[in-house]
Each structure stands twice: as C-alpha cells, then as structure tokens.
Amino acid sequence: MNPTHIPKNPHKETPFLSLLSLKLLRLILLSLFALFASASYAFAGTISGTVTDNANNPIEGIEVYAQLKVGDSWDSSSYTTTDADGKYTISNLPVGDYRIKFQGYSMGFVSEYFDNASYDNPTLITLADGETKTADAKLDKEGIVRGKVTDVSGNPIEGVSIEAYLGGYIEEWTRTNENGEYKLTAGAGTYRFKFQSDTQGFEYYENVTTFEDAQDVVIANNDDKTIDVVLGDLASGTISGTVTDNANNPIEGIKVSAQLKDRGLGYWNYSIEIITDAEGKYTINNLPVGDYSIGFYGKE
C-alpha cells in the first residue's frame, strides 16, 4: 500500500513570503520618501545679504530672523548671525512670503525690519521655485551717553549708579569705573538722568534733587553725548543720632536707613544706609534738602 501523501502545510511558507513583502513595501516607501524629499528641496529657497552701518562698514554678530507668513500669523523663525564681513545666509526655506528682522541692540545698533518697514506692515521677501533672494540692511547706531563723575574736589567717584529714565521708568542703567567714567547706550527718546553715590549723595541732571525738576535729554540714533557731573555740591544736610535698648545701653551694628521721597516720581527713590558704632551713634552726611523717612533695623 502506498503511503498517504500529506501535502505541505501552506502556512510554513507564509513567514518567508511576508518577510519578502515587508522588504518590498519598505523599499517602495523609502523610494517615495526620497522622491518627496528631492521635490521639497527643489522648492526650497535662500535669503542672504549684507548688514552694514551708515558708513558702509560691515557689522558682525547681527541676528537675522526670517519669519514665514502663514495665514494671518507668522511661523517660527529661521535664524542666523552675520559674519566678520557682515554677510549672512539662511538656506532651505520653504516657498512663501517672509518678514526679515535684523536685531542689533546687543551690538549697540538699532533693530529694524527689512527695507525700514514696520513690524505690522513689513516689506515681504517672496521665495518660489528654489529662488535666492537678497535682503541687505543698513543699521543706525543707538545713541551713546558718556561722561565722568567727580566730587567737589575733582576726584573721580567709582561705583556711582547712573539711571536713564524714559517716560518715568528706568530704561538703561550702569555704574562708573575706577576713573569715575561711564558709558551707556540708549534708543531714541527723551530721557532724564539720575546719578547716585553711596558717599556723595545724588542728583538728577542738571543739579536738581527731584525727577520733576530734572532736565530732559533728547537722544537720537547715532548720537554721542557727554554728560559730566559733580556730586556733593548739592548735599547740605546731616542726620545723626544714638540707638539704645530699653535700659539706655548703646547698641552697636544697627543699620540706619535714610530715605528721601521724590515728589516727581511719588515714591521713596533715594536711600542711604549706615551702621551704628560701639557707642550706638550714627551720622549720615551729604544729604540733599528734603523730607526723609528714617528706619532702624536690628541685628539678624
């Protein structure tokens, strides 16, 4: 009797066929992805240009942003910085309309949008079919204010705080160096300046003690102004006293604070502190004329 023929189990070949089909499908998908990527990059564009100052000198380190317009909003920015020749290139940009911003404040220049346009109404750069477009910029320098602060004897004062107020708020701030010199940059506007020392009192420019009476200083782009100040010539008062406990024993090391209220700003904007000596005594000299609040702060 012939042995019964048992057909092969068809399921034993399925894994091989499935693996072959999977490899074929993967190959097809990779080919389609490569084709899509090639097509995408064929339609990618480039924006490049040169950034200079008003004397046509290249500016290194300017941040350049390309923002794609999507409907009524702006997509995330593509970004680069200018090189030593003031040049920049932003590549692989999708087709569309772009707003270009040149951000220069960190380098002492005024930021602007391409073609001196505004944030809300920019001059757009349109990219299509792999185009390369040029967007150059010429930036103004921010205004510079510099000077020297001395005492009444002509000695430089280190560590003087200089505050530049714009619209009643501190816009810029710096301190004098060991030679009493300072320098700060400021955007265009009308400012008032305050100079304050821990030892020589303070004043608003020019020779007044309140924000209300301070002189306006108009700063334009590309300005370079000098403001020298002598501190101590307005200081005309002294507050002194003794700090004791309830048994009339003097207390050493108590912090005493004298605060002067500015009638222009409406708050206590000048404060000087001193520590009581071994006899509990303190003296605060060189105080401008005005009304003071005196605070006593015990040891921690």
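The values are calculated or read from the model by the stated rules, or taken from the named source; none is laboratory data. This one's a predicted model, so the numbers in the text were calculated from it and none came from an experiment. Counting neighbours? That spans all protein chains shown, and the Cβs are built from the backbone with ideal geometry, glycine included.
Quick look at the numbers
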item	result
Answer residue from the stretch 56-86, given it is of a type in the set (A, V, I, L, M) and in a strand (DSSP E or B) and is nearest to the chain's Cα centre (by Cα) among those	V64
Residue count for the stretch 77-108, restricted to those that are crowded, with 20+ Cβ neighbours inside 10 Å and on the phi > 0 side of the Ramachandran plot	1
Cβ-Cβ under 9 Å pairs, at least 6 apart or on other chains, the stretch 227-255 side without any contact (Cβ under 8 Å) to a residue 24 or more places away in the chain and on the phi > 0 side of the Ramachandran plot, far side exposed (fewer than 13 other Cβ atoms within 10 Å of the Cβ) and not in a loop (DSSP other than H, G, I, E, B)	none
Considering residues of the stretch 109-143 that are aromatic (F, W, Y) and either touching an Asp or Glu at 6+ places or on another chain (Cβ under 9 Å) or surrounded by 14 or more Cβ atoms within 10 Å (Cβ to Cβ) (or both) only, the residue farthest from T89 (Cα to Cα)	F109
Index of the failed condition, A220 passing every other in (1) more than 17 Å from I284 (Cα to Cα); (2) of a type outside the set (S, T, N, Q); (3) over 30 Å from the mean Cα position of the chain (by Cα)	(3)
Hey, K255 among the basic types (K, R), out of contact with any helix residue (DSSP H, G or I) (no Cβ under 8 Å at 6 or more places or on another chain) and closer than 30 Å to G280 by Cα or not	yes
Number of positions in the stretch 150-188 that are among the charged types (D, E, K, R), assigned to a loop (DSSP other than H, G, I, E, B) and without any contact (Cβ under 8 Å) to a residue 24 or more places away in the chain	2
Selection within the stretch 87-112 - assigned to a loop (DSSP other than H, G, I, E, B) and in contact with a helix residue (DSSP H, G or I) (Cβ under 9 Å, 6 or more places away or on another chain)	P94, S111
Filter result (of a type in the set (A, V, I, L, M, F, W, C) and either over 23 Å from the mean Cα position of the chain (by Cα) or crowded, with 18+ Cβ neighbours inside 10 Å (or both)) within the stretch 144-164	V145, V149, V152, I157, V160, I162, A164
Subset tally (residues that are of a type in the set (F, W, Y), in a strand (DSSP E or B) and out of contact with any Lys or Arg (no Cβ under 6 Å at 6 or more places or on another chain)) for the stretch 194-214	2
Residue within the stretch 182-190 that is surrounded by 15 or more Cβ atoms within 10 Å (Cβ to Cβ), farther than 27 Å from I62 by Cβ, out of contact with any His (no Cβ under 6 Å at 6 or more places or on another chain) and small (G, A, S) present	no
Pair list, Cβ < 7 Å and 6+ apart or interchain, from the stretch 77-96 residues that are acidic (D, E) to residues that are part of a strand (DSSP E or B) and modelled with pLDDT of 95 or more	D85/P58
Filtered residue count, the stretch 121-149, keeping only those that are aliphatic (A, V, I, L, M), under 19 Å from F109 (Cβ atoms) and in a strand (DSSP E or B)	4
Those residues of the stretch 109-143 which are among the hydrophobic types (A, V, I, L, M, F, W, C) and either in contact (Cβ under 8 Å) with a residue 12 or more places away in the chain or within 18 Å of N57 (Cα to Cα) (or both), in sequence order	F109, V110, F114, L124, I125, L127, A128, A135, A137, L139
Check on Y191, modelled with pLDDT of 90 or more, in contact with a Gly (Cβ under 7 Å, 6 or more places away or on another chain), hydroxyl-bearing (S, T, Y) and not in a loop (DSSP other than H, G, I, E, B)	no
Flag for Y105 being farther than 30 Å from V217 by Cα and among the aromatic types (F, W, Y)	no
